[in-house]
Amino acid sequence: MNIPSEEKLNEITKKLAEILRIQDWDIDIKTAKPLEMEEIGGYYNDQGAVNIDYIHKFAKVRIGKDSVLDWYKTLFHELLHIQDASFYQYLKSNCDADNDSYLTKIGEQRINELAKSFISIYPVTNFIKDESEAN
């Protein structure tokens with residue numbers, strides 16, 4: 001399924017934020033080209049990226065326009081990073097630099113597995129009924 005319009009993407013993000021109990025966050029969601037992914041701290045070939053200000057509860061989420069295999073799973077993945085923001089900030093502030101890449105790796109694995117679980121419970125068809133609602 002194609003990535004939906006920005007308006008529909010915002011609507012879906014708000015509903016998912018409620019499910020994940022992060023509805024009090026200000027989430028700026030947009031589709032992005034590879035260079036725009038780098039602007040918020042992602043990598044050129046990323047499926048998605050998120051830049052989180054956990055103190056002010058603000059996040060920029062970008063879903064790759066050109067490289068996304070499953071935009072919905074990517075969206076859930078990035079929203080899970082927001083949900084875990086303060087936890088990972090705490091872990092990183094209490095671990096030495098040698099453990100940072102290890103924490104990142106296990107954090108990504110955990111979030112990937114959670115995203116798979118969530119999309120099976122809350123399929124995209126809950127939010128988009130047919131292809132005409134997507135771009």
| message | Ranking request for peptides 105-116, 12-23: highest mean number of other beta-carbon atoms within 10 Å first, then the rest in descending order. | response | 12-23, 105-116
| query | What ³J(HN,Hα) values, in whole Hz, does the Karplus curve 6.51 cos²θ - 1.76 cosθ + 1.60 give for segment 16-28 when θ = phi - 60°, with x put for Gly and Pro? | reply | 5, 4, 5, 4, 8, 6, 10, 5, 7, 8, 8, 10, 9
| note | Karplus ³J(HN,Hα) for segment 113-118 (6.51 cos²θ - 1.76 cosθ + 1.60, θ = phi - 60°; Hz, whole; x = Gly/Pro) runs 5, 5, 4, 4, 5, 4
| said: Using 28 Å as the Cα-Cα cut-off, could you pick out the over-long pairs in 15/92; 73/105; 65/92; 60/105? | reply: 15/92; 65/92
| task | Apply the Karplus parameterisation 6.51 cos²θ - 1.76 cosθ + 1.60, with θ equal to phi minus 60°, to every residue of segment 123-128 and state each ³J(HN,Hα) to the nearest whole Hz, in sequence, with x for glycine and proline. | result | x, 4, 5, 5, 10, 10
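Just so you know, all these numbers are worked out from the coordinates, no wet-lab data involved. Nothing here was measured: the structure is a model prediction, and the numbers come from that model. Neighbour counts run over all protein chains shown; Cβ positions are idealised from the backbone, glycine included.
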